[in-house]
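Coordinate-derived values only; no laboratory data. Everything quoted here is computed from the prediction, not taken from an experiment. Note: ideal-geometry Cβ built from the backbone for every residue, glycine included; neighbour counts use all protein chains shown.
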Amino acid sequence: MNYEQLIPVIRRLALEGGAKIMEIYNGPDFDVKLKSDESPVTVADEAADAIISDGLRAAFPDVMLVTEEQADSHGLTGDTFLIVDPLDGTKEFIHRRGDFTVNIALVENGVPTRGVVYAPAKERLFYTAADGQSVEETGPFGLDAAGETKPISVSEPDNAALLIVASKSHRDQATEDYINKYSVSDSKSAGSSLKFCLVATGEADLYPRVGRTMEWDTAAGHAVVTGAGGKVVRFDDHTDLQYGKEGYANPFFIATAPGVKLEKA
């Protein structure tokens, strides 16, 4: 994959998908449907998916594409592919809380190597540049040319006073029990893949996820964390989280700055 070609394409498609999502978000009430797994889906998910998947197939017709909203892609297998969650945090979108993101990533040999996370309601845009360094773009988010960008980096944590971020919609007792193993100075909640980006920018030291996720939920954020010097590991044995697994389902995981002394589950 030519990263110099890839990054402008996935950045632009994330912005285009985000613009369509915000058009619906700021419009009249929209219908909410339930998928077979009881998770919600809206016209915004489907409209953004059409923009992004059509764009990726046109630009990279020979690369396998997996996207949350196209069930027939979930049976594809391979260790190198593009993977999309056009609207991560649908519950946040439905309740108009703003913590939702557009996610596009490239996985190579089971590892997310490049990705973009765009939070249109928050006006925050994160991605891995062609050289692998993660950046945050601060605007003006033009489709054809990037605005001002700044490199981002994970924290150098003080293990006696950690900053922890956890899921807003899935923060349960198991998550609290694990967080309580650490010396915590502050704990915040956030929706969607924004949690990865808070680790990548050093706004949080640790993000544990004790709950079900799919690879399209995590691949782009994983790439951003890695490009900022962090890591994403399995919750059970702290080995690197791998991609291209059967059914694209993830185990529990932890996104972290490497200086955090991880506790066992």
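Observations on the structure shown:
- Ascending count of other beta-carbon atoms within 10 Å, so fewest first, for 156, 68: 156, 68
- Annotation: amide H-H contacts under 5 Å for residue 253 (H modelled 1.01 Å from N, sequence separation of 5 or more, or interchain): 209, 211, 235.
- Close Lys pairs in region 65-194 (alpha-carbon distance under 16 Å; sequence gap of 8 or more, or different chains): 4.
- Helix screen, the chain: DSSP H segments with Cα axial length of 27 Å or more and mean Kyte-Doolittle hydropathy at least 0.0 are 3-25.
- Our coupling estimate for region 192-200, obtained by passing each phi through the Karplus curve with A = 6.51, B = -1.76, C = 1.60 and θ = phi - 60°, is 6, 6, 4, 4, 4, 5, 5, 5, 5 Hz, Gly and Pro reported as x.
- Report summary: the helix-based calculation at 222 nm, which adds -39500 (n - 2.57) for every DSSP H run with n ≥ 4 and divides by the residues of the chain, gives -8500 deg cm²/dmol.
- Proximal aspartates and glutamates relative to residue 231, as straight alpha-carbon distance under 20 Å, when same-chain residues fewer than 8 apart are discounted: 79, 108, 131, 136, 156, 158, 203, 205, 215, 217, 240, 263
- Least to most buried among 179, 7 (fewest other Cβ within 10 Å first): 179, 7
- Cut-off under 5 Å, modelled amide H: who pairs with residue 204 long-range: 199
- Packing-based exposure ordering (other Cβ within 10 Å, fewest first) of 51, 83, 94: 94, 51, 83
- Beta bridges by DSSP in region 107-265, antiparallel share as percent, to the nearest 5: 75 percent
- Debye log10 I(q)/I(0) at q = 0.08, 0.11, 0.16 Å⁻¹ for the chain, Cα point scatterers: -0.28, -0.54, -1.21
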